[in-house]
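The values are calculated or read from the model by the stated rules, or taken from the named source; none is laboratory data. Here the structure is a predicted model, which is why all the values come from computation and not from measurement. Glycine gets a Cβ as well: all are built from the backbone with ideal geometry, and neighbour counts include every protein chain shown. SASA here: full protein model, heavy atoms, side chains in, ligands and nucleic acids out. Shrake-Rupley method; radii C 1.70, N 1.55, O 1.52, S 1.80 Å.
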Amino acid sequence: MSDLAIQTQSLHKHYRDLHAVDGLEMRVPRGSIYGFLGRNGAGKTTTIRLLAGLTHPTSGEMQVLGLNPQRDRIGILERTGFVIDKVLLPSMTGNDLVRFNRKFFPRWSDALAAKYADVLEIPMKQKFRKLSTGSQTKLCLLLALAQGAELLILDEPTAGLDPVVTDQLLRVLVDDFANEGRTLFLSSHHLSEVERVADWVGIIDNGKLLLEARLDDVRSSFRRVRVIGENLPFTSHSEVFKIKTGEGTTEYVLRANSENFIAQIRSQGATVLDVSPMNLSEVFLEVVGKGETHVPVEVLA
């Protein structure tokens, strides 16, 4: 059995001139909480629809739990919980949807459905269309969790939710799902929420994966360094991700080996004003943003 829950190789999805997914190379370890990050329109939802077998790739390969979504969609759906569109049969109540869904999943648990209905305070007797946005999201999550999935794939699950409901959902996902050794794939542009729960992150922009790494490695590797001096290095160094200049200072965003780089520029007469660690939000903005020098980030193993 592969140690990867999801793997893609040179995955492409084109809609005429739009390259929604453009050579995606992604590896999601089993048992991880993987934050799939990107701006609106970056390619996150298209990627998830490909993984669910809801659309076919233009080219490339992908596997979910060792299965091919094009050939083994039913096998994937039996073992994977998807919360994508949050659109269910609108005239059914929560209780109706539980009865409807249980027949499709061999690992379905009525006990888990009852537990999450209580924990998440879902009005199960109301019709789906009459539920609030938060309750609709919680009901979709209940149905995914109750099926006993090995892998849970969520597309923007906290969009439009208030902080209390968001906190409830994140606690359930971490405490009752990921902590049991199952895999959570969380697509979002809410970076603070992902940073709170994830142990791996992948950053996608314009259909390309620009960064994939353990979150701890991102935190420990990226540094912002401000210096002043003459004849500073402006060509690409292996440590330098981005360079910005202005107001008499030069700012380097380093992705590794900051100590070696700092020692080198000091030896050239530069004065280092400050060295700052970077959180996930800052790294994200540098990776998807523009700068004077922008070097593609490789996987941080």
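Where helices (runs of 4 or more DSSP H) sit wholly within the range 1-117, those with at least 3 residues that are within 27 Å of LEU131 (Cβ to Cβ) occupy 44-51, 94-102. Kindly list the number of the only condition in (1) at pLDDT below 90; (2) assigned to a strand (DSSP E or B) that fails for SER220. For SER220, the failing item is (2). Scanning the range 1-36 for residues that are within 25 Å of LEU191 (Cβ to Cβ), under 18 Å from the mean Cα position of the chain (by Cα) and open to solvent by 40 Å² or more (accessible area, probe 1.4 Å) yields GLN7, GLU25, ARG27, ARG30. Can you pull out the residues in the range 205-256 that are within 30 Å of ALA20 (Cβ to Cβ) and touching an Asp or Glu at 6+ places or on another chain (Cβ under 7 Å)? Selection gives ASN206, GLY207, LYS208, LEU209, ARG214, LEU215, PHE241, LYS242, VAL253, ARG255. All conditions but one from (1) closer than 23 Å to ALA42 by Cα; (2) without any contact (Cβ under 8 Å) to a residue 40 or more places away in the chain; (3) open to solvent by 30 Å² or more (accessible area, probe 1.4 Å) apply to ASP167; the one that does not is (1). Among the residues of the range 76-103, those that are of a type outside the set (S, T, N, Q) and under 19 Å from ARG182 (Cβ atoms) comprise ILE76, LEU77, GLU78, ARG79, GLY81, PHE82, VAL83, ILE84. Of all residues in the range 86-126, those satisfying the criterion of being at negative phi and of a type in the set (Asp, Glu) are ASP96, ASP110, ASP118.
Once the range 187-204 is narrowed to residues that are among the charged types (D, E, K, R) and within 12 Å of the chain's Cα centre (by Cα), the residue that is most open to solvent (accessible area, probe 1.4 Å) is ASP199.
For the range 218-258, how many residues meet the condition of being open to solvent by less than 40 Å² (accessible area, probe 1.4 Å) and closer than 21 Å to LEU280 by Cα? Counting residues in the range 218-258 that are open to solvent by less than 40 Å² (accessible area, probe 1.4 Å) and closer than 21 Å to LEU280 by Cα gives 16. For the range 136-186, residues that are among the small types (Gly, Ala, Ser), within 19 Å of the chain's Cα centre (by Cα) and part of a helix (DSSP H, G or I) total 2.
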